[in-house]
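Rule-based calculations on the coordinates, nothing more; no lab input. Values in this document were obtained by computation on a predicted structure and should not be read as measured data. Virtual Cβ from ideal backbone geometry, glycine too; neighbours counted across all protein chains shown.
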Amino acid sequence: MNSTKNRENSPNLPVNELAVREYYNRHACDYEDKFHRDDPVRQREQEDIADNIKEIFRERRVLEIACGSGFWTAELVKIADKILATDTSPEMLKEARQKGFPRSVIEFRQVDAYQLDAIPEKFDAGLAAFWFSHVPKVKIKQFLSGFHDRLTANSPVFMVDNVYIPGIGGELIAEKSDENSYKLRHLLDGTEHKILKNYYDAEALRHIFAPWTDKMDIHIGECFWHIKYITR
Ligand SMILES: C[S@@+](CC[C@H](N)C(=O)[O-])C[C@H]1O[C@@H](n2cnc3c(N)ncnc32)[C@H](O)[C@@H]1O
C-alpha cells in the first residue's frame, strides 16, 4: 500500500482518517459484496434497515453522509423528494453515480463529514449508514454538531452500523490505552489496512445522542444497530 505518497498529498489529515479514506477508495469496486452474504438473519436485518429508510425519509429533503457506493441511497431515491449524497472517496462516488439514479432527485458531492459547513443548503432529514463506527471518539461531537447544523429543527435522523461479531470483518484490535478500536482488513489487491472501527451498545449510544435529541429510538440487532432520533 502506497500510504506514504498519500500522506504527503494530505499532510494535515490525521493518520486514522487517512487510513479509512484509503481503504474505502481501494474497496469501492467490491464493497457491496458484504451486503450479499448468504445469512438469513443478516438479510432480514438489512430488510428492516431498508424498511426504516422508506418510512423515515418519504418526501423528505435528505442529507446523506458517507453514502459510499450508494447501496442505501438506492432505497432513498424510491421515496425522498431530494437527496444530497456525500462522501470523500472519488471511487465510491463513481460507483454510486454509475447506478444511474434520477438527476432530478439526487446530487452526489465530494464532501468531508467533518467539514459539512462546506454545504450551503439545509435539509429536513439525515442519514448516515455504516459511518458512525469510523468516527474517532474525540471527533463525535464535531461530526454531530456539523451534521445537525445542516438540518432544520425536528428533522429525523437515522444511523445504522455494525454490532461486533467475533470472526466477521477482520481481527479486532482494542487496547486499554486507546479509546478507539480498530479492525484489520485485507483487500483483494493484497493490501492490509488497520481501520478505526468502534462498536457501541445501547447504553453508549443513548449517552452519546441524549444531548442532541428529546426523542430517540435505539434498536440493537444480532448484526446491526440502528438509531432514529429527532433533532432539536
Ligand atoms: C462503511 S462505508 C459506508 C458506505 C455506505 N453508507 C453504505 O452503508 O454502504 C464508509 C464510507 O465512509 C466514507 N468516508 C471515509 N472518510 C470520510 C469522511 N471523512 N467524510 C465522508 N465520508 C468518508 C468512505 O469513503 C466510505 O464510502
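The value of relative contact order for region 123-232, using C-alpha pairs under 8 Å at least six residues apart, is 31 percent. Projecting the alpha carbon convex hull of region 37-97 along each direction and taking the average yields 4.4 nm².
Per residue, how big is the convex hull of region 46-152 when only Cα atoms are used? Give it in Å³.
Details: hull volume 10.3 nm³, N = 107.
Spelled out: Cα convex hull of region 46-152, divided by residues, is 97 Å³.
In region 105-232, one over the average inverse separation of all distinct C-alpha pairs is 16.0 Å, which is the Kirkwood hydrodynamic radius.
Ranking request for peptides 36-46, 132-142: highest mean number of other beta-carbon atoms within 10 Å first, then the rest in descending order. It would help to have the intermediate numbers written out before the result.
Values: 36-46: 13.3, 132-142: 17.5.
Output ranking for 36-46, 132-142: 132-142, 36-46.
When the Cα positions of 84, 74, 46 are compared along the charge dipole of region 27-102, 84 comes out farthest toward the positive end, with charges on each C-beta of Lys, Arg, Asp and Glu. Couplings 3J(HN,Hα) for region 205-217, derived from phi with the Karplus relation 6.51 cos²θ - 1.76 cosθ + 1.60 (θ = phi - 60°), are 5, 4, 5, 5, 8, 3, x, 10, 8, 9, 9, 9, 9 Hz, where x marks Gly and Pro. For region 133-174 versus region 183-206, the spacing of their alpha-carbon centroids is 12 Å.
How high is the relative contact order of region 33-159, in percent, with contacts defined as C-alpha pairs under 8 Å that are six or more residues apart? Don't skip to the end; give the middle numbers.
On the way: 198 pairs, mean separation 30.8, N = 127.
In percent, rounded to a whole number, it is 24.
Which whole-number percent gives the relative contact order of the chain, counting Cα pairs below 8 Å spaced six or more residues apart?
Details: 403 pairs, mean separation 41.7, N = 232.
Computed over the chain, the figure is 18 percent.
In this simple spin-label model, placing a label point 7 Å from the Cα along the Cα-to-Cβ direction at both residue 192 and residue 213 gives a separation of 3.9 nm. Here's the picture: a label point sits 7 Å out from the Cα of residue 232 along the beta-carbon direction, and within region 102-142 the residues with their amide nitrogen under 18 Å of it are 140-142.
Checking the table 94/228; 78/194; 99/183; 94/176; 99/176; 94/194 against a 32 Å threshold on Cα-Cα, which pairs fail?
Values: 94/228 29 Å; 78/194 35 Å; 99/183 29 Å; 94/176 39 Å; 99/176 43 Å; 94/194 24 Å.
78/194; 94/176; 99/176, as the Cα separations exceed 32 Å there.
Backbone phi angles across region 219-227, fed through the Karplus curve with coefficients 6.51, -1.76 and 1.60 (θ = phi - 60°), yield HN-Hα couplings of 10, 10, x, 7, 10, 9, 10, 9, 10 Hz in residue order; Gly and Pro are listed as x.
Based only on Cα atoms, what Rg/Rh ratio does the chain have, Rh being taken as Kirkwood's radius?
0.93
Here the average projected area of the convex hull drawn through the C-alpha atoms of region 123-171 stands at 4.0 nm².
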